[in-house]
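Below: the structure, in structure tokens.
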Amino acid sequence: MRRFRLLILPLLACVFVAVPAANGAGSTVVISQVFAGGGNSGAPYTNDFVELLNRGASPVDVSSWSIQYASASSTSWSTTALSGSIQPGHYYLVALAGGANGAALPASDATGTTNMASTGGKVALVDGTAALPCGATAGSCSANPDVEDLIGYGSATDYEGGGAAPALSNTIAAVRADGGCTDTDSSSADFTTASPSPRNSASAAAICGSSSPPVSEHVTVTSNDTAGYSLTVHRSAFSPSDLPLGLALPDAAVVPIPIAPASDLLIGGTTAPSAGGGDVWPTAIGFSAPLPVTTPGHYTATVTFTVIGK
């Protein structure tokens, strides 16, 4: 079996992608939902809870992190330690104080005893376990480098951005937009009220990011091999971190392009020499999944088409 590189363009395609800050430039792990009416009269769930989401493309170790709560105007914070890691696109459920009414939460990923108020309060995701010293004025906690994310709701004196999220109730939670993916660093803009719907690490993953249509890329093969040839493709990983680059054939979905040294993706082949002017293989390069939330910048990968004589 003979293997040789294409001599007719595109032989080697360098792919440049400009990745913007997806859905805001906030933390990779965010508070995606807060419910403070657990166990109260008419409550759908027995426990208060805080839900987190990893919006990024890599696991995040939260074993030294905590969820912290303070009432609306207080600077006295109660802490709940977290453990383990949150996988990309996955949620993380922290069950807190509860009562007699409502259904049980899904299996929690962490538990605590904090009893949150519905009319107003502050919830912080903190890289550390020491209680915060802030919260009396707007922006005081966001300025702390250990605070990964913060929501102030109702009558809270501290919050991200220009205002607090709406007050909660026994039946209403604060829910971050776009399944938890949106983060503009504003409590009032990022959160709306909705019926609580707790998700844990076993729930279906969220896809945070953007996608783009495939770009046409015709490949021309000239071969005099009487037995025909096969046309394959592989790529290098994007730098500084990988993106889900794929290839689409006519009337086919975009499928991932393998990263060398994995086996090439077969585009097609013949059992005879090419036509006089070469065989044209219409393909399109795009993304096989929405782009993950990752560091904004320019990302580069190399796509290699290879002809294998039979």
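Rule-based calculations on the coordinates, nothing more; no lab input. Here the structure is a predicted model, which is why all the values come from computation and not from measurement.
A few notes on this one:
- Value at 222 nm in deg cm²/dmol, rounded to 500, when DSSP H runs of n ≥ 4 in the chain each add -39,500 (n - 2.57): 0 deg cm²/dmol
- Across all Cα atoms of the stretch 97-200, the radius of gyration (one decimal) and Dmax (whole number) stand at 13.9, 38 Å.
- Convex hull volume of the stretch 29-194 per residue (C-alpha atoms, cubic angstrom): 93 Å³
- Histogrammed with a bin width of 5 Å, the alpha carbon distances of the stretch 140-284 distribute as 2, 8, 11, 12, 11, 10, 7, 7, 8, 7, 6, 4, 4, 3, 1, 0 percent, first bin at zero.
- Debye intensity ratio I(q)/I(0), log10, the chain, q values 0.07 Å⁻¹ (C-alpha model): -0.39
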